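Structure first, then comments.
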Amino acid sequence: PMRVNDVAEPRRGAVDPTLWWDHDERDEYANACEAIVDRFGDMRRLGAAQVVLPTVAAGGLEGTITNLRANPWDSVAGVFMIRQAGGTVTDLEGDRWRHDSVGLVASNGPLHDEVLAAAQAIEE
């Protein structure tokens with residue numbers, strides 16, 4: 001069985017800015033990268049929600065963020081995996097993530113407030 005990791009110190013965490021921002025929204029991508037680098041010890045870009053979400057579930061990353069609406073076919077299975085592995089997945093407001101939510105904020109649980117703050121900083 002998969003299990004999220006128990007990293008609770010942001011400086012020990014690695015977060016991925018999942019999904020991809022269009023070229024005319026690169027300022028949001030830059031904001032996401034800055035929010036991650038300011039808060040966490042490392043940033044990784046694995047390239048696809050189908051890879052990133054199971055990696056969080058397996059403990060290979062502490063979190064992933066986007067302020068975009070994720071396609072259900074890219075995200076529902078991975079969100080399920082994270083929840084089954086003991087992690088937390090919300091929208092940008094901190095409410096339980098649904099297939100039609102705006103934004104996707106997933107974490108190992110202990111770092112969720114900090115991961116959520118990084119996601120909320122994208123549009124600030």
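The values are calculated or read from the model by the stated rules, or taken from the named source; none is laboratory data. Keep in mind the model is a prediction, meaning the values are calculated, not measured. All Cβ positions, glycine included, derive from the backbone under ideal geometry; neighbour counts span all protein chains shown. All accessible areas refer to the heavy atoms of the entire protein, side chains included, with ligands and DNA or RNA removed. Shrake-Rupley method; radii C 1.70, N 1.55, O 1.52, S 1.80 Å.
Computed from backbone phi with θ = phi - 60° and the Karplus coefficients 6.51, -1.76 and 1.60, the 3J(HN,Hα) list for the range 24-38 is 7, 10, 5, 5, 5, 4, 4, 5, 4, 4, 5, 4, 5, 4, 5 Hz; x is used for glycine and proline.
Quantify, in whole percent, the carbon and sulfur part of the accessible surface of the chain (1.4 Å probe; protein heavy atoms only).
Numbers: 2950 of 6120 Å².
The computed percentage sits at 48.
The solvent-accessible area of L46, taken with every protein chain present and a 1.4 Å probe, is close to 80 Å².
Proximity of backbone amide H atoms, modeled 1.01 Å from N, is registered between G103 and L68, R69, A70 at under 5 Å, excluding neighbours fewer than 5 places apart on the same chain.
Per residue, how much accessible area does the chain have with a 1.4 Å probe, in Å²?
49
Annotation for D6 and F80: the two label points, set 7 Å from Cα along the Cα-Cβ direction, are 2.8 nm apart. Using only Cα coordinates, the Kirkwood hydrodynamic radius of the chain works out to 13.6 Å.
With contacts taken as Cα pairs under 8 Å at a separation of at least 6 residues, the chain carries a relative contact order of 32 percent.
Need one number for the range 1-54: average projected area of the convex hull over its C-alpha atoms, nm². Before the final figure, lay out the partial values.
Values: hull surface 16.7 nm².
Seen from a random direction, the Cα hull of the range 1-54 projects 4.2 nm² on average.
Backbone geometry of the range 59-76 corresponds, through the Karplus equation with coefficients 6.51, -1.76 and 1.60 at θ = phi - 60°, to 3J(HN,Hα) couplings of x, x, 9, 8, x, 8, 9, 7, 9, 8, 7, 7, 5, x, 5, 8, 10, 4 Hz, x marking Gly and Pro. Phi angles of the range 12-17 translate, via the Karplus equation with coefficients 6.51, -1.76, 1.60 and θ = phi - 60°, into HN-Hα couplings of 9, x, 10, 10, 10, x Hz per residue; Gly and Pro are given as x.
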